[in-house]
Structures are given as structure tokens and as C-alpha cells.
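The next block holds one structure in the form of C-alpha cells; read it before the comments.
Coordinate-derived values only; no laboratory data. This is a predicted model, so every value here is computed, not measured. Glycine also receives a Cβ, built like all others from the backbone with ideal geometry; neighbour counts cover every protein chain displayed.
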């Protein structure tokens, strides 16, 4: 929105009534272009952004630079003139200075964030108004980039990283929902990744306060961004924290798939509304350039179910489901170490190692890491060892294969050689014994009959 209820902001935030979009009129559209692009117009001076060094009238802050502009306000980096410390200040647009409803909304946003203390929520330090009656509040200054810029840089976010980022956002949403605050505009642009890895949930400007008696939103008005609005938001029906669950499911879908389920309809607001209400989203595994496990796909599709009762009922429920997948994804994120275990399995690891490898031998990324059994107590180990010792050894029923013919022939030749050597040794020993018998230096000549018998034996040999 720009300067009237129902106009569309630069980030795509939209307000429209049931059954009809409220487009900004031509003069307001011109003011929006002048505000964004700096074009000269009749109201350019009135709606210009503050420049470096310009003070915020009636405040202790001086402008350092413009950080961003939205439909309702501007965000500046400022420096406290007395403390010398820098903050981020969100300031209502000049064109909204007389809007009591938007002023009340900005103050409600500041108070909502201030009473929530969470690592993934910005800290609010100051709330006030300038001399011209423009409300502002000062927050901690963050260094980093939003997830839209990060996704544009990477193309797609790895599954473990995406799960970790969504976990941080869901943890903050659990606290906000418990305090009766529904964000209503969760998207990649409103999730800020700090340089230290912390994720911050920003821009509660259109948040719904469930415990407030008076609503700051006009009846039958739809608030949100068409790309991430839940079906009940698109139909201007009453919403609850499950609308944020739908948006977080779309955030996770876009991080792991690199695009949203209905991105082909970008810019077509009515078509996007109809798609969120009627069309079934394609499974993220069909669009993602990286492997998406069946469990992760089921989680995403449950979060973006059309009917609120079919989604996770609380942010804490979704957080628990995401955490289980996150632990499994981190344990399987080191394929090199898992493959080393599979190449040298123990007896208990052999079935797991065989089932967790693909046909090409590489470990599956989405398979859980093999779990080694915990060591048994000493007494139990001794009992098991005793039972194994008493167990008879299994005999092999496989018959020995017959030796080849060449091997059998070689064994026969070796046996004959050994026999011949033994006979020769015996003959030599007998001859020596006959020659060197004690009591005679020369043996007596053998009788003729003995010589004849020896000749016969030699002839026989």
C-alpha cells in the first residue's frame, strides 16, 4: 500500500476488499513512483527521503543513510547524537502523518516487538514521534541481507541450511503466537539473515493482535503479500496463527526448490489468489534441483494445506517436526565419513552398510547415518561369549573340488622320485655296511651260487 488503504507496496504487500482489488488512483501512483525512483513531481519535495546528516526533528537522531522503504514507512540507519551509537529507525511516511490508524498500527508494532524477547526478533530501544507528528521507533541495527537476496545469490539453499533457518523463524513465531500476535506477512523479504548466522523476523507492521478488542484492519480487508498469503487470507476470512504456518511452509518450499509453487503466476494477483485457494501445489521434489526426501516433502505439503485444520496446528508443532528432519539432515551431510564406515563394516554394520549405498557405491544423502549398537555391559558380554564358545562349529557341506589332471600327474612324479631316492640311499648303506664289517679288512669272496643269485636279481631289476 502507498498513501491509501488498498494500494500495493513496492514489496508486494496488498490490501483489498472482498471480491474487488483496490488499486491506487493515478495521482497516488505518481507519488509512489516519485518516492521510489526520485522522479520530480508536485509532491516530490514533500515525500522525499531524508539525506545523510539530516536530523530527525524533535529526536536525538541524525540520518546516516536510507536502508529501505515500504508502503507504510521508511527505515534509516541513524546515529544517536549524544551516545554516538547507531540504530535502525522505522519512520512513518510523511504522506501518512495525519493517518491515526497507521500511526496506531506503527506504535502497536513497536510495542509488540518490544515485549517479545527472542534471539530471532529485533530489539526495540525507543518509541516516539517527530515534531511533525510522524511516529517512529528505534531498533538494533542489523548487518546482513534478507533471504530473498540470499536465495538470488545462491539459486537454491541446501536442505540442512534451509531447515536450520526455518527453525529459527518458527522459534520466534512460537513466542509471538503465544503472545497473541499473528505476523500475516511472512516472506523471504521479511526474514533477515545476519552476518553471524542469526535469522531475524522483521516487519510486524501488518500483524494481527488477537487479544486486542479493536482491530486496526478494516472489515473484509485482506492483508498480506499475494505470493505468500494463506487461502483464508485470500478469502478475507478470520485468521489465526495457522496462517503463519502456511507462509512458513511456502518459505521452506522456496528455499529448497529455488522457487515457489505458483511462481509462473507472479504479477497476476487474482490468479495467485485463486491458486492459493483452489490449485494443488506441485510437490517440491518435482521442481527442486537438489534431492528432496519424502519426509521433507510431506512436511512442506502439510504446512501449505488448503484447510487450516490439515496443517500443523501450532508453530511449536511444526518446529518439532522440522527439528527432527534437521537432525537427520545434519547427520547425513558428511557422505565421506559415512562411506568410510561402509567400506570397513563390522559384523553388526554389514546389513546397514549394504542398504544405505546406491548402486554406484556412493552413500545416499537423504539416508540416515548407520547407527552402531551401544556396547553391552561387561556381564552381558561374558555371557554372550560363553554361549558362543559352547555353540558347535558349523561344518561346511561344500565338497572339495577335484584337482586338475596336471596337478595329479605332478604329484605322482614327485612320489616316484621320493621312492627312488629312498631305494638308492638304502642300497648305498647296504654296500658300505658289507665293505666295512668289523673283523675283516676285505670281505670273503662270494660263493658261485651267491654270484649267480645276484646276477639273477640284477637281471630282474
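Listed values, structure above:
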{"item": "The stretch 58-188 - Rg (one decimal) and Dmax (whole number), Cα, Å", "result": "16.2, 49"}
{"item": "Residues of the stretch 64-104 with amide N under 11 Å of the 7 Å Cα→Cβ point at residue 126", "result": "78-90"}
{"item": "Stretch gain in nm, segment residue 263-residue 198, where the contour uses 0.36 nm per residue and the Cα spacing is subtracted", "result": "20.6 nm"}
{"item": "Cα point-scatterer Debye curve for the stretch 144-331, base-10 log of I(q)/I(0) at q = 0.09 Å⁻¹", "result": "-0.29"}
{"item": "Extension gain, residue 141 back to residue 104 (0.36 nm per residue minus Cα-Cα distance, nm)", "result": "11.0 nm"}
